[in-house]
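Below is one structure, written out as structure tokens; comments come after it.
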Amino acid sequence: MDSSPPPTPPSRSPEHDEWRFKTITTPCEWIENYHPGGFHPVHLGETFNHGQYRVIRKLGDGSFSTVWLARDTKNETYVALKITMSDALGTESEKERRILRHVFRVAPVQAARYITRLLDEFEHVGPNGLHTCLVFEPMGPTVNSMVEELPQFKSRKFGMKVRYPPRMARVILKQSLEGLAFLHGIGIAHGDFHPGNMLFALDDIDSQPEDLLVQKQVVKDGTIIGSISPPVERLDGKIDRWAPRYLCVGKPLADFTNYTDNLTIKLSDLGGAYFFKEPPLKPIGPAGLRAPELVLLGALNETVDIWSFGCLVFQLVTGRPLFTAPWYPSEHDQDDDHLNDFSSVLGPLPDELYKHWNRSSLYFTPDRRLYNCQLGGVPEGGEPLMLDQFSMEELFDQAEPDVPEEEAKAIKSLIRRILQYDPEKRPSAAEILQDPWFLEA
């Protein structure tokens, strides 16, 4: 075997025939994203900021960062350490810092109630470049993942509906909406409002001994590997200096989370946030939560947050997403699928939007009657494909949510009130909070 050192990898994720590593199937960040400009390789026990923060557990990872539980040896507390990709420096990370500084400067008391607190920030130099490191108060699992940790779902049964109890769903929605109303009230849109960016607060985590929190290491053949994940191995057998020796599976602090009567939800990840007067050219966020004007026109303002919230009311109450917008190789097909869903679930698109859908003739007749549901149009020599069409109300009822009939009517009415095609007609976050359904929470 050639003992010469491997060449420096490219600064962008390589194509398939240039992959460096053996496949890792455990639920971690993509190993090929460890390259110059990419993730910083982190190992359990590693320290940052001149030894102040010692990593003890992986909390999670995202598109542009990994997040770790660390012990603050200076203040004798626990913190969440977010380490961004090197090439994110000056883009997402800088935007997030700018927004957070503004939020906690203009309204520190309210910000601490609704937004995860930024405690410290510094930069770290590693083999993949200069990384922004943001230190936050530690939080529990996301609203996306916490539902899986509820005691009633520990033992799964066939046909079990895994969703939040109705009262809990309403409290989560109300608190996240209060956070959104706070941001909008100071002229900031979240820009990436979804359950993965809504976090449960912890009980008194600082009183917990480190032994209960540390991510256990496994030693195999004298090599330390992280929980569950196998060692990282290059395809050519060489030692790689740009990647960690192992990947850690994210282990949110579910066992230390307050999810009972006094649960608290805070909004996190303001990397997609923006001032109302400075909308970004390219939005981020789940495709299924995009508003119709965003799909067709790229139009972006704070009412897109409101649209996302309306979709989440449906999702948290029923346990099902209202719009899925699955990924397709063709971006046109993904948009067409989403636009067809809008028409089916909420009713026909208004003329001012519909005229911008230049592929609508693949699915609708000139007088706007649906004749085909096959993405990309009817194949040559083929027949149109027709699928059953269900309204939002019908989909809601099919999910059989655990709410009385009158409450179900109120929720469906609220969703309709929010999901209006005209952004100017959507209620504000503050107005939605005055809906009777939230006033009773």
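Quick one: count up the residues across segment 170-201 that are surrounded by 19 or more Cβ atoms within 10 Å (Cβ to Cβ), at negative phi and not in a helix (DSSP H, G or I).
10
Can you spot a residue in segment 335-348 that is open to solvent by less than 40 Å² (accessible area, probe 1.4 Å), in a strand (DSSP E or B) and modelled with pLDDT of 95 or more?
No: segment 335-348 contains no residue that is open to solvent by less than 40 Å² (accessible area, probe 1.4 Å), in a strand (DSSP E or B) and modelled with pLDDT of 95 or more.
I'm told H102 meets every condition in (1) open to solvent by 10 Å² or more (accessible area, probe 1.4 Å); (2) part of a helix (DSSP H, G or I); (3) touching a helix residue (DSSP H, G or I) at 6+ places or on another chain (Cβ under 9 Å) except one. Can you identify the failing condition by its number?
(3)
Of the residues E431, E424, E406, E394, only one is more than 29 Å from the chain's Cα centre (by Cα), closer than 27 Å to V313 by Cβ and either basic (K, R) or assigned to a helix (DSSP H, G or I) (or both); which?
On inspection, the qualifying residue turns out to be E406.
Consider E380 carefully, then state whether it is more than 29 Å from the chain's Cα centre (by Cα), over 18 Å from I172 (Cβ atoms) and exposed (fewer than 11 other Cβ atoms within 10 Å of the Cβ).
yes
Mind checking whether some residue in segment 244-265 is open to solvent by 50 Å² or more (accessible area, probe 1.4 Å), of a type in the set (K, R) and touching a Lys or Arg at 6+ places or on another chain (Cβ under 7 Å)?
Yes, there is a match, as at least one residue in segment 244-265 is open to solvent by 50 Å² or more (accessible area, probe 1.4 Å), of a type in the set (K, R) and touching a Lys or Arg at 6+ places or on another chain (Cβ under 7 Å).
Has segment 26-35 got any residue that is in contact (Cβ under 8 Å) with a residue 24 or more places away in the chain and either more than 24 Å from I284 (Cα to Cα) or in a strand (DSSP E or B) (or both)?
Within segment 26-35 (the criterion being in contact (Cβ under 8 Å) with a residue 24 or more places away in the chain and either more than 24 Å from I284 (Cα to Cα) or in a strand (DSSP E or B) (or both)), the answer is yes, since at least one residue qualifies.
Has segment 82-95 got at least one residue that is surrounded by fewer than 17 Cβ atoms within 10 Å (Cβ to Cβ), assigned to a helix (DSSP H, G or I) and either out of contact with any helix residue (DSSP H, G or I) (no Cβ under 6 Å at 6 or more places or on another chain) or touching a residue at least 12 places away in the same chain (Cβ under 8 Å) (or both)?
yes
What do you reckon, is A325 among the aliphatic types (A, V, I, L, M), surrounded by 13 or more Cβ atoms within 10 Å (Cβ to Cβ) and on the phi > 0 side of the Ramachandran plot?
So A325 passes the test.
State all residues of segment 342-354 that are touching a Leu at 6+ places or on another chain (Cβ under 9 Å) and either farther than 22 Å from P326 by Cα or of a type outside the set (S, T, N, Q) (or both); if no residue qualifies, say none.
F342, V345, L346, L349, L353, Y354
Among the residues of segment 294-322 satisfying the criterion of being aliphatic (A, V, I, L, M) and farther than 26 Å from D435 by Cβ, which is least open to solvent (accessible area, probe 1.4 Å)?
V295
Filter segment 387-412 for residues that are hydrophobic (A, V, I, L, M, F, W, C) and in contact with a Leu (Cβ under 8 Å, 6 or more places away or on another chain); which is nearest to D435 (Cα to Cα)?
Per the criteria, the residue is M392.
Considering segment 109-122 alone, what residues qualify as being touching a residue at least 24 places away in the same chain (Cβ under 8 Å) and under 25 Å from R54 (Cβ atoms)?
Once the filter is applied, which keeps residues that are touching a residue at least 24 places away in the same chain (Cβ under 8 Å) and under 25 Å from R54 (Cβ atoms), segment 109-122 yields T116, L119, D120, E121, F122.
Any chance segment 425-434 includes a residue that's open to solvent by 40 Å² or more (accessible area, probe 1.4 Å), over 21 Å from R167 (Cβ atoms) and either among the aliphatic types (A, V, I, L, M) or modelled with pLDDT under 95 (or both)?
Yes, that holds for at least one residue.
Based on this model, can you work out whether R234 counts as over 22 Å from the mean Cα position of the chain (by Cα), at pLDDT 90 or above and open to solvent by 50 Å² or more (accessible area, probe 1.4 Å)?
The answer is no for R234.
Which one of the conditions (1) free of Cβ contacts under 8 Å to residues at least 24 places away in the same chain; (2) among the aromatic types (F, W, Y); (3) touching a Ser or Thr at 6+ places or on another chain (Cβ under 7 Å) does Y53 fail to meet, given that it meets all the rest?
(1)
The values are calculated or read from the model by the stated rules, or taken from the named source; none is laboratory data. Please read all numbers here as calculations on a predicted model, not as lab measurements. For neighbour counting, all protein chains shown are included, and Cβ atoms are generated from backbone atoms with ideal geometry for every residue, glycine included. For the accessible areas, the whole protein counts, side chains as well, though only heavy atoms, and no ligand, DNA or RNA atoms are used. Shrake-Rupley method; radii C 1.70, N 1.55, O 1.52, S 1.80 Å.
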